[in-house]
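Asker: This is the structure I want to talk about, given as structure tokens.
Any read-out appearing in this document is the output of simple, stated calculations on the displayed coordinates, not a laboratory observation. Because the structure is a prediction, the values reported are computed rather than measured.
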Amino acid sequence: MGQWPSTKAAKVFRALLRIGYAIKTQRGSHVVLTHPERGDYVWAFHDAVEIGPGMLARIAKHTGLHPEDL
């Protein structure tokens, strides 16, 4: 968990798009991202929010994101 730096939500969102996620639907600030192999993931962060290491580790567990993807 210590390998993850605090990072802006917009940067993490762009990284998810780069690793193959696509926007499926959006309602307000909730975006449903879909990936052909990993399924759907609901993204509910505002762009300017700083995401801490613990939350990044949980996001990575569900999405397959790696620190070098950022």
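Asker: Taking the square root of 5 times each eigenvalue of the Cα gyration tensor, what semi-axes in Å does the equivalent ellipsoid of region 7-69 have, largest first?
Answerer: They are 16, 15, 10 Å, listed largest first.
Asker: Would you please give the residues with an amide H less than 5 Å from that of residue 43, counting only those at least 5 places away or on a separate chain, with H modeled from the backbone geometry?
Answerer: 31, 32, 33
Asker: Could you state the angle between the C-alpha long axis of helix 53-63 and the longest principal axis of the C-alpha atoms of the chain, as a value from 0 to 90 degrees rounded to the nearest 10?
Answerer: Once rounded, the angle reads 40 degrees.
Asker: Hey, what did the chain get for relative contact order, percent, Cα under 8 Å, at least 6 apart?
Answerer: 42
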